[in-house]
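To start, the structure itself, in structure tokens.
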Amino acid sequence: MSSAPTIELLPPLVANRIAAGEVVERPASVVKELVENSIDAGATSVVIEVEAAGRRLIAVDDDGDGMHPIDAERALLRHATSKIRRAEDLQQIASHGFRGEALPSIASVGRLRLHTCPRGGGEGSEVRVDDQGNSHLRPAAARRGTRVEVRDLFRNTPARLRFLRSKRTEEAAIVEHVRALALAHPSLAITLRLDGRTRIEYRSEEEDRRVASVLGDDFARNSHHQSHTHRGVRIDAWLGLPTLHHRDGSRIWLLVNGRAIRDRMLLAALRAAYRDVLFHDRYPIAVIQIHIDPALVDVNVHPAKREVRFSDPATVRAALIGCVHAALERMGRRGSDTTAQAALAAMRPSAAPVSEHPAPHHTTPRPQQRPGSSGGLGRLLFSPPSTASPAPVDEVREVPAASPGNAPCADGEADLGGEEECDFGLPLAQIHRRYLLTQVTDGILLIDQHAAHERIRYERFKAQMRQASVTSQQLLTPVRWQPQPELAAWLHDHPDALAPFGIGLRAVDDVCFVIDRIPSLLGHLPPEELAEEVASALRLGNEEDRLGAALERLLADRACKRAITSGQMLDHEAQRALLQEMARCPNIAQCNHGRPTWIKLTLDDLDRLFGRKG
Ligand code: ADP
Ligand code: MG
């Protein structure tokens with residue numbers, strides 16, 4: 001007798017449960033699949049009810065097209081869908097769904113009930129699925145749209161139950177999925193109730209409004225909406241100011257044709273585009289909508305459709321980087337108003353709103369807090385100079401207010417305008433050899449002298465690089481350099497690659513080179529290290545990102561080393577010169593590491609601080 005195993009076709013319930021393994025990872029996946037079905041059915045409004053983080057109940061009620069009784073029953077069969085018909089349709093998917101897997105999968109791991117009625121009048125029907133996976137159809141009351149309920153999720157799949165995280169974590173995942181869907185579909189009204197309490201309530205609204213509803217008004221005020229098209233790929237992005245950042249990528253939404261996805265390549269591109277202006281280990285906050293011909297993107301690569309594959313990823317990447325660069329150019333001179341708000345909060349003597357203490361009679365806030373207890377700025381401004389640093393404060397001069405019109409932030413916004421030059425006001429004093437205090441028409445600016453100069457140097461150097469007009473200096477003793485074999489091979493193929501960067505390079509033989517020039521601005525660097533960084537960055541980088549990550553980081557760090565330091569005394573002329581350079585410098589609102597270079601306090605802010613205004 002043969003011992004070879006026999007092969008059997010799996011019963012539908014088992015097959016569905018296997019599919020559920022991929023599609024229904026956790027309660028949030030059920031919410032996502034059901035809401036996507038409502039969206040595909042043309043709903044204008046959905047109400048989601050969740051109990052016990054989805055383990056007891058997930059119900060999605062919509063006002064979409066609904067279904068005829070026969071379709072309601074069919075919808076629960078595997079590979080049953082109304083969204084595609086032929087294999088070719090897979091190349092042009094415009095709906096969320098197309099796999100015909102979600103409902104049967106969900107029904108195999110939870111108790112599913114569906115109540116629906118076709119739009120335009122027709123019979124209402126109800127379908128229930130029993131534990132064996134059989135569905136039972138019966139007539140039901142007419143209604144608008146469809147309601148799908150899932151109870152006792154994962155009751156028969158203990159392995160899944162064990163993997164569920166805490167109630168709060170699962171609820172948070174549900175909220176995240178709903179927020180992503182909401183960003184993709186601003187005109188859809190969405191309500192989410194967790195254990196009877198309304199957690200999310202979005203009305204149908206314009207895109208900009210929806211972004212503000214989902215990410216908050218702080219983000220709306222401190223971000224820039226930029227549209228950008230590159231070779232048929234349109235990017236619509238809401239990009240946070242660089243001074244607004246987050247510890248991880250969880251505040252970055254990537255949507256491709258209305259589908260929230262994860263994509264390491266795009267995330268890396270986004271970070272690369274921000275690299276110049278953000279702390280190295282921080283992430284920007286952004287909503288990125290990518291609109292692309294559906295034929296150029298394969299959405300059938302992930303069972304939960306969380307990933308997509310672009311037929312031309314480089315174009316999408318270039319479009320995204322172009323979009324961010326365009327936005328940064330416009331935002332470069334804006335400081336986020338949250339910085340000023342944080343500064344104000346740090347300076348307030350108590351947490352209570354100032355307006356509730358009508359004009360106290362001391363004119364100087366008292367620096368009596370424990371050292372190090374309050375925010376940095378308050379301490380710096382108001383603590384008595386320590387004996388360790390004599391910290392001379394320059395004589396405060398009487399200066400006329402900057403003339404109106406060219407003052408930064410004349411409109412009261414923390415916006416220094418786009419391209420045009422801006423005015424950082426007239427220097428009043430240098431404080432603790434670290435900050436400059438200047439007066440502008442409607443308030444004062446505090447400027448971090450080191451951060452500002454660092455940015456100026458970096459931008460100058462980048463501009464030189466871009467124009468391939470880097471001032472270079474001849475090395476007195478040329479340096480021999482033996483790069484890694486692949487790099488050496490690449491340099492032989494691209495003998496002039498380093499020239500635009502002010503690096504003079506000659507091949508001695510197959511493996512060895514001589515460096516005889518390096519950029520003056522980077523004259524203090526070991527030439528081999530510099531050549532290595534630039535060459536590797538060029539070899540790995542592509543057209544849009546020529547300098548590459550390593551190079552920019554290197555430049556940022558080096559530019560930083562030579563900048564005016566904190567602790568350096570600046571006389572009135574030097575202060576004035578710095579302010580003038582700042583006025584011409586792009587991206588001046590942040591230093592190369594993403595810290596703000598200046599903070600503005602308006603007269604209003606100051607009045608509020610002193611209790612003159614509520
Ligand atoms: P898919 O969405 O991939 O087609 P599903 O299993 O999610 O597969 O749904 C199967 C079918 O059931 C859908 O194609 C659609 O025709 C129908 N359907 C599901 N949910 C709804 C709904 N809320 N309103 C109307 N029709 C629905
Ligand atoms: Mg579906």
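The values are calculated or read from the model by the stated rules, or taken from the named source; none is laboratory data. Since we're looking at a predicted model, the values are computed, not measured. Positions of Cβ are backbone-derived with ideal geometry, glycine not excepted, and every protein chain shown enters the neighbour counts.
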TODO: Please state which of the following conditions residue 583 fails to meet, knowing it meets all the rest: (1) at pLDDT below 85; (2) small (Gly, Ala, Ser); (3) in contact with a Pro (Cβ under 9 Å, 6 or more places away or on another chain).
DONE: (1)
- [ ] Kindly provide the set of residues from the stretch 1-24 that are charged (D, E, K, R) and buried (at least 18 other Cβ atoms within 10 Å of the Cβ), ordered by number.
- [x] 17
TODO: Residues being on the phi > 0 side of the Ramachandran plot and either surrounded by fewer than 18 Cβ atoms within 10 Å (Cβ to Cβ) or near ligand 1 (Cβ under 6 Å from one of its atoms) (or both): count how many of those fall in the stretch 37-65.
DONE: 2
Open item on the list: Among the listed residues 198, 169, 191, identify the single one that is more than 16 Å from ligand 1 (Cβ to nearest atom), polar (S, T, N, Q) and in a strand (DSSP E or B).
Closed with: 198
Open item on the list: One residue is enough: does the stretch 222-236 have a residue meeting the conditions surrounded by 15 or more Cβ atoms within 10 Å (Cβ to Cβ) and either part of a loop (DSSP other than H, G, I, E, B) or modelled with pLDDT under 85 (or both)?
Closed with: yes
Task: Some residue of the stretch 140-151 being in a strand (DSSP E or B) and over 38 Å from the mean Cα position of the chain (by Cα) - done: yes
Open item on the list: Whether any residue in the stretch 106-128 is near ligand 1 (Cβ under 8 Å from one of its atoms), of a type in the set (S, T, N, Q) and under 30 Å from residue 199 (Cβ atoms) is what I want to check.
Closed with: yes
Open item on the list: Six or more apart or on different chains, Cβ atoms under 9 Å: show the pairs whose first residue is in the stretch 1-12 and modelled with pLDDT of 85 or more and whose second is surrounded by fewer than 10 Cβ atoms within 10 Å (Cβ to Cβ).
Closed with: none
TODO: State whether the residues of the stretch 29-37 include one that is away from ligand 2 (no atom under 15 Å from the Cβ) and of a type outside the set (Ser, Thr, Tyr).
DONE: no
Task: Filtered residues of the stretch 307-320 (kept if buried (at least 19 other Cβ atoms within 10 Å of the Cβ) and out of contact with any Leu (no Cβ under 8 Å at 6 or more places or on another chain)) - done: 308, 318, 319
- [ ] Might you let me know whether the stretch 16-23 holds any residue that is within 16 Å of ligand 1 (Cβ to nearest atom) and within 28 Å of the chain's Cα centre (by Cα)?
- [x] yes
Task: Failed criterion for residue 34 (all others in (1) hydrophobic (A, V, I, L, M, F, W, C); (2) within 23 Å of residue 298 (Cβ to Cβ); (3) within 12 Å of ligand 1 (Cβ to nearest atom) hold) - done: (2)
- [ ] For the stretch 112-127, name all the residues that are under 22 Å from residue 56 (Cβ atoms) and either of a type in the set (D, E, K, R) or at pLDDT below 95 (or both).
- [x] 113, 126
TODO: With the checklist (1) among the hydrophobic types (A, V, I, L, M, F, W, C); (2) closer than 30 Å to residue 11 by Cβ; (3) touching a residue at least 12 places away in the same chain (Cβ under 8 Å) in hand, flag the one item residue 175 doesn't pass.
DONE: (2)
TODO: For residue 98, work out the one condition from (1) within 12 Å of ligand 1 (Cβ to nearest atom); (2) touching a Gly at 6+ places or on another chain (Cβ under 6 Å); (3) closer than 30 Å to residue 302 by Cβ it doesn't fulfil.
DONE: (2)
Task: Test for residue 68: is it more than 9 Å from ligand 1 (Cβ to nearest atom), surrounded by fewer than 17 Cβ atoms within 10 Å (Cβ to Cβ), at pLDDT 95 or above and closer than 30 Å to residue 164 by Cβ - done: no
TODO: Mind listing whichever residues of the stretch 92-128 are assigned to a strand (DSSP E or B) and within 16 Å of ligand 2 (Cβ to nearest atom)?
DONE: 112, 114, 116, 127
Open item on the list: So, in the stretch 68-90, exactly how many residues are under 21 Å from residue 122 (Cα atoms) and more than 13 Å from ligand 2 (Cβ to nearest atom)?
Closed with: 7
Task: Residues located in the stretch 74-91, provided they are more than 9 Å from ligand 1 (Cβ to nearest atom) and in a loop (DSSP other than H, G, I, E, B) - done: 85, 86
